[in-house]
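Derivation of every value follows stated rules applied to the coordinates shown; laboratory data play no part. Nothing here was measured: the structure is a model prediction, and the numbers come from that model. All Cβ positions, glycine included, derive from the backbone under ideal geometry; neighbour counts span all protein chains shown.
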Amino acid sequence: MITVEAILFSILDRIISVNMKLDRVLIYLSVFVIMGLSNAVIPILPELVNAGQTPYDATHSSMLFSSYFLGALITMLPFGILSDRYGYVRFITFGLFLTLVSGVLLLTASNLWVLIVARFVEGSACGAFFPAAYSLLSESPKKKQYMGEFNFLLNGGLASGVVLTGFLADTSIRYGILIFTTISSVVLLFAIYLSRETAKTPDRIQKDTLVEIVDNVKESYWTLTYRPLTRIWIIVFVLFGVNGVLLSLYPDYSLGTLTKSELGLSISIMYISTMAASILIARTSLEHNTMIKMGIILGALGALIAIWFAPVGFALLGIGSGFAMVGLPIAVSCANTNRGLAMGMYSTCTYGGLALVPIAAGIIVIQMGFEWVFVLNGLALGLMLLLKEG
């Protein structure tokens, strides 16, 4: 009899047999399950808010959506710095542990504020995972290829989360959460095994704790204000903020016009497009700045078109995001700065946009309406073309 464990180990053996390093196997598995769980909430935001027995409005959906990204925003930079010191695999493992905790809370909680805390913990898991994962991948001479594969699986997880939850919502709104929480427990066991076998503390000169904190603050400020990277931080913040606005508000915007399965499929088109774009662009000879510009143009058009033609708009936004998500981390890795810190800053800007822009949009939509907010959203991304290269 073929068991789930046998299938999983067969897949792992297949991957390992083509000489893929175990830490990269862990990164790929982790990003898929972490992103899948994060997006399993998206199609059911209004239902979760109602399950929290709180009078419903769109602001509550944006709060539940954005608490995840606030958790990531607060933890990305410190976890990025700590991963340089204590080892990348250890922080990937810690991220998976927090993911499992958040999944259990999302499955069992009925109070809105507990759900918000669960999403915050889930975001903190990303704070532990992403700087460490990006740092490991950027160490390789094949970083362009690996970034493309990483973004492919990242968006594969996001797409799987919304599709599974959308299809299963008629049976139970939390079945999608249950599936990814279960998978995360399996990947966590693999991470614990790998961290015990292979994780090593990076070689560093140990400093006095206070001296190291001061040095990290200085280096963080330098990295944030370093001119070749300042443009990147702004683009990352706005690009992911644009994605966040559509994801957080579209379930409310489409109420009465799209079923949960149709909404899940519409949003998944964006992720599938990003997957394809990431793989294809990573195998071209285009420079990272060209990828970024193409991503901005297509993303801005997609954000505007999605107002009236959701599948086309989401597809264009996905393609644009795929181009930019390969070009942007490559641009960061080319800078002469501490890798873990720089990738922590990159991830901080990513989740800063995803956390803060939807909150602002959720407040503005009460006064201006959904369509005007979406128009401003697309125009803001288009303006990123005016930023000069550092």
Original post:
Considering the alpha-carbon set of the stretch 255-327 alone, what are its Rg and its Dmax in angstrom?
Top reply: 12.9, 45
Original post:
So what is the relative contact order of the stretch 232-390, in percent, for Cα pairs below 8 Å that sit 6 or more residues apart?
Top reply: 38
Subject >> trypsin sites (Lys or Arg not before Pro) restricted to the stretch 101-183 and DSSP loop, no more than 15 other C-beta within 10 Å >> reply: Lys142
Subject >> Difference of contour (0.36 nm per residue) and Cα-Cα distance, Asp170 to Glu47 >> reply: 43.1 nm
Subject >> Kirkwood-Stokes translational diffusion coefficient of the stretch 104-155, alpha-carbon pairs, 25 °C, 0.890 mPa s, µm²/s >> reply: 189
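Order of 323-329, 86-92 by packing, highest average Cβ count within 10 Å first?
Numbers: 323-329: 27.9, 86-92: 23.0.
Sorting 323-329, 86-92 by mean packing, highest first, produces 323-329, 86-92.
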Subject >> FRET efficiency estimate (nearest 0.05) - Cβ-Cβ, Leu387 to Arg85, R0 30 angstrom >> reply: 0.35
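Using a/c under 1.5 as the rounded threshold, could you call the stretch 151-193 rounded, prolate or oblate? The axes a ≥ b ≥ c are square roots of the C-alpha gyration tensor eigenvalues, and prolate needs a/b larger than b/c, oblate otherwise. Could you put the intermediate results ahead of the total?
Numbers: a/c = 5.24, a/b = 1.47, b/c = 3.56.
Note, shape of the stretch 151-193 comes out oblate.
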Original post:
Just in the stretch 263-359: which trypsin sites (Lys or Arg not before Pro) are loop by DSSP and have at most 15 other Cβ atoms within 10 Å?
Top reply: Arg283
Original post:
What whole number of Å gives the distance from the Cα centroid of the stretch 103-152 to the Cα centroid of the stretch 244-277?
Top reply: 20
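Kindly rank 176-185, 312-321 from highest to lowest mean number of other beta carbons found within 10 Å of each residue.
Per-residue mean Cβ counts within 10 Å order the peptides as 312-321, 176-185.
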**OP:** Quickly rank 101-109, 61-69 as a protection proxy: mean count of other C-beta atoms within 10 Å, highest first.
**Re:** 61-69, 101-109
